[in-house]
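Undergrad: Can you read through this structure? Questions will come right after.
The values are calculated or read from the model by the stated rules, or taken from the named source; none is laboratory data. Not measured: the values here are computed from a predicted model. Note: ideal-geometry Cβ built from the backbone for every residue, glycine included; neighbour counts use all protein chains shown. Note: accessible area is taken over every heavy atom of the protein model, side chains too, but ligands, DNA and RNA are not part of it. Shrake-Rupley method; radii C 1.70, N 1.55, O 1.52, S 1.80 Å.
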Amino acid sequence: KPPEDEEEVAEVGWQEKLFSQFEVDLYLNESACQTPLDWQYHEEIQKLEKAGGRKNCRIFTYTDHDRFTNLEELCQKVTDSDHEVPSYLVERMANVRRRRQDRRPVEASSLKSKIITWEPSEEFIKNNHVINTPVQTMYIMGDLGPYGKLGLREYENVLCTIKVDGNGVITVKPDFTGTKGPYRIELDGEKREVWEYTIDNASAQVQPEEEEREQRVFRDLYGRHKEYLSGLVGSDFEMPLPGTLRLFMNGEIVSAQGYEYDNLYVHFFLELPNQWSSSPFQQLSGVTQTCATKTVGWDKVAYFCYPFTVEMFYTQEDEGVFPYSLPQWPVLYFEVLSLDFWQRYRVEGYGSLVLPACPGVHTLTIPTWRPVDLGTVAEMRRFFIGGSPELEDLTYVRIPSTFKGKRLSRFGFRTQTTGSVTFRLSCLQQSKAFLENSALRQRMQSVLDRLGGFSQQSSVYNVLEAFQRARRRMQEARESLPQDLISTSASTG
């Protein structure tokens, strides 16, 4: 370690310039001064020499305007390889002046005309594919050269890097020492000298009056921003009626995989059970684009990324049956078809999807099947001239809408398993039930559970309903008996 007389303490402010011995020797020479900043440093160093020289010996700084700041950012590497070649994006990120940007205000007319570049060139895309956050940088350096040989560039080491971006975020690397031990720098010379240094925050503490004034300014700023957002949203926010649940869903048909033929498209529609309704202008069906498949692993996958939006309302008709009756949940029916070069289409599979009862994002992969005929003639017909057995009613995938019986038999109906379709559904639920107080939260949760339509809950509710009815009948029978008979049975028991 260096001797104790080599210890040095320096208090540095933000963008405060402390000259090194190398800079003093450089800028005292007028022939080395070329830029206005060099001449400014030349005058400052002359003043320092007249005042008795600089007080710092080994600790000095590089501010945001110095050449070292540009070179340090330009020479940064992603890996520790000596043969690393920077990519185009790395070069662009290093060359762009991210710290100081003297942007001129753009007039409103010119801004509106340049919001969208309809035909961007390749050079335009490359030039705009960079982060352009204004950042100011400062380096606190240490001259760790041998005593009496200060000013050699090879002994300069970065002790601390301080950055402040345009959002007011301050980055100190490495962090303030605090309770941790001092940082260590080991030199590669023959003596293997080890230097230790600490970084402390020497800023004056904020007075309580100033802190309170700052908090008051922040509260006023947040209040104005809240009023601004409220003005954008407006006061005519639509709320559903009491006893009504609003279901808003942003859906996406992501992909279809595992099918026999290429050029797939999906036809789908949504069935609303009883007590469900939608706007008259709401489309409950749709057809995707025709998509060619690509081989991913062992499957051929068609990526549709087809978005659709559905808004539905559930209205509770009878409050008295709560919570024992379970309504049906909307069902999404779909069929996958293929289209060949001769415009012949084939049914590749049918499937159905019960919309999720819980709000949030759900990714579901639904397997499909298709009906088949016996014999090779049907398959040859499907291969050569297209066409295949189809369902007249798509709801036959689950329970047909026209079925009124108690048992549905599909014995003898031949099908074949095909591929699967992946959906991504983002569901949002809105109801006044969510605004009830804490005493009714358990009851409202039962409302949501009831809307789920799960069979397990249905069986539990049926058992509870039967128990309640039996208990009421026992109480009514006990009240109808004579009092002397009740007292006699009680005494004998």
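Undergrad: Could you check how many residues of the range 268-289 are touching a residue at least 24 places away in the same chain (Cβ under 8 Å) and open to solvent by less than 30 Å² (accessible area, probe 1.4 Å)?
TA: Summing the residues that are touching a residue at least 24 places away in the same chain (Cβ under 8 Å) and open to solvent by less than 30 Å² (accessible area, probe 1.4 Å) in the range 268-289 gives 5.
Undergrad: Looking at the range 180-225, which of the residues that are among the aliphatic types (A, V, I, L, M) and part of a loop (DSSP other than H, G, I, E, B) is nearest to GLU7 (Cα to Cα)? Walk me through how you get there before you give the answer.
TA: Within the range 180-225, the subset among the aliphatic types (A, V, I, L, M) is 185, 187, 194, 199, 202, 204, 206, 217, 221.
Okay, now just the ones that are also part of a loop (DSSP other than H, G, I, E, B), so 187, 199, 202, 204, 206.
On the way: LEU187: 17, ILE199: 14, ALA202: 18, ALA204: 24, VAL206: 30 Å.
That would be ILE199.
Undergrad: Of everything in the range 386-397, what is farther than 16 Å from GLN416 by Cα and either open to solvent by less than 100 Å² (accessible area, probe 1.4 Å) or at pLDDT below 75 (or both)? Give them in sequence order. Before the answer, list the steps.
TA: Taking the range 386-397 as the starting set, the residues that turn out to be farther than 16 Å from GLN416 by Cα are 386, 392-395.
Of everything in the range 386-397, those that are farther than 16 Å from GLN416 by Cα and either open to solvent by less than 100 Å² (accessible area, probe 1.4 Å) or at pLDDT below 75 (or both) turn out to be GLY386, ASP393, LEU394, THR395.
Undergrad: Return a yes/no flag: does the range 126-145 have any residue that is open to solvent by 40 Å² or more (accessible area, probe 1.4 Å), more than 29 Å from the chain's Cα centre (by Cα) and at pLDDT 75 or above. Spell out the reasoning first.
TA: Initially, the range 126-145 is screened for residues open to solvent by 40 Å² or more (accessible area, probe 1.4 Å), giving 126-129, 131-134, 136.
Okay, now just the ones that are also more than 29 Å from the chain's Cα centre (by Cα), so none.
There is no residue in the range 126-145 that is open to solvent by 40 Å² or more (accessible area, probe 1.4 Å), more than 29 Å from the chain's Cα centre (by Cα) and at pLDDT 75 or above.
Undergrad: Could you go through the range 361-375 and let me know if any residue there is modelled with pLDDT under 75, assigned by the TED database to the domain that holds ARG346 and either more than 26 Å from TRP329 (Cα to Cα) or among the β-branched types (Val, Ile, Thr) (or both). Walk me through how you get there before you give the answer.
TA: As a first pass, look at the range 361-375 and keep what is modelled with pLDDT under 75: 375.
When the remaining residues are screened for being assigned by the TED database to the domain that holds ARG346, the result is 375.
Those still in the list that are either more than 26 Å from TRP329 (Cα to Cα) or among the β-branched types (Val, Ile, Thr) (or both) too: 375.
Among the residues of the range 361-375, at least one is modelled with pLDDT under 75, assigned by the TED database to the domain that holds ARG346 and either more than 26 Å from TRP329 (Cα to Cα) or among the β-branched types (Val, Ile, Thr) (or both), which makes the answer yes.
Undergrad: Since ALA292 meets every condition but one in (1) open to solvent by less than 50 Å² (accessible area, probe 1.4 Å); (2) modelled with pLDDT of 85 or more; (3) hydrophobic (A, V, I, L, M, F, W, C), which condition does it not meet?
TA: Checking ALA292 against (1) open to solvent by less than 50 Å² (accessible area, probe 1.4 Å); (2) modelled with pLDDT of 85 or more; (3) hydrophobic (A, V, I, L, M, F, W, C), the one that fails is (1).
Undergrad: Ok, one more. Give the residues of the range 295-316 that are at pLDDT below 85 and of a type outside the set (A, V, I, L, M, F, W, C), sorted by residue number.
TA: GLY297, ASP299, THR315, GLN316
Undergrad: ILE185 versus (1) closer than 18 Å to VAL158 by Cα; (2) hydrophobic (A, V, I, L, M, F, W, C); (3) touching a helix residue (DSSP H, G or I) at 6+ places or on another chain (Cβ under 9 Å): which is the lone unmet condition?
TA: (3)
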